[in-house]
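Input: a single structure, listed below in C-alpha cells.
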Amino acid sequence: MAKTPENLPRKESRLEISEHDEIAHEIANRIRNLVPSGQQAQVVAQMVSFVSEERFSGPIAHPRHLKEYEAICPGAADRIISMAEGNLAHAQDIQTLAIQADIDDAKAGRLYGFLALMALIIAAGVSAFLGNELMASAFLGAGVLGVVGQLIKGRGSNEKED
C-alpha cells in the first residue's frame, strides 16, 4: 500500500510526506509498463521504504533527530552535543598521549643506542689494552656497523606502517 497522509505514522512531518510522495510518484511512473497494475501500489510502497531509508554518520545525531530528542526531553540536545564534545576532547587527549609516548620511546632508544655504542667502544679499548686486537676489532666493528647502518637507514624507515 502506498504511503499517503492518512496511513503515515503521526511522527512523520509534512516535509517527509511530500518527499515520499515525490519518490512514490517517480517510481510509479517508471514501473507503470513493467509491473501489473494490481501490484504497482505494493511495489511502490516497498520501493519508497527502501529508497527513503536515511543514514547519518557523525559525532552527533542528525539535526532533525536532535530536534525530536529536544521535543521529548528538553535539554537533551545540549547534553548530546556536550557528550560528543567530551568524547572528541577525550580522543584528542589519547592521541596526544600516544604521540608523546612515541617521542619518549624514540628518545629512550637513542639513549640506549648511545650507551650500547659507548660500552662497545670501552670494551674495544679494554680488549686492545689487554693485547687482544681481534676482540677489540670485533667490538669496534660491531659498534661502527650499527651506527653506520642506522645512518644509512635514516629516520624515515622507523615510522610505523599502517
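Of the residues 44, 97, 109, the one whose Cα sits farthest towards the positive end of the charge dipole of segment 24-113 is 44 (charges of +1 on Lys and Arg Cβ, -1 on Asp and Glu Cβ, taken about the Cα centre). Rounded to 0.05, the FRET efficiency of the residue 107 and residue 22 pair, given R0 = 45 Å and the Cβ-Cβ distance, is 0.10. For segment 76-158, the orientation-averaged shadow of the C-alpha convex hull comes to 6.9 nm² (one quarter of the hull surface).
Each value in this text was obtained by applying a stated rule to the coordinates, not by laboratory testing. Note that the structure is a prediction, hence the values are computed from the model and not measured. Here Cβ is always computed from backbone atoms with ideal geometry, including for glycine, and neighbour counts include all displayed protein chains.
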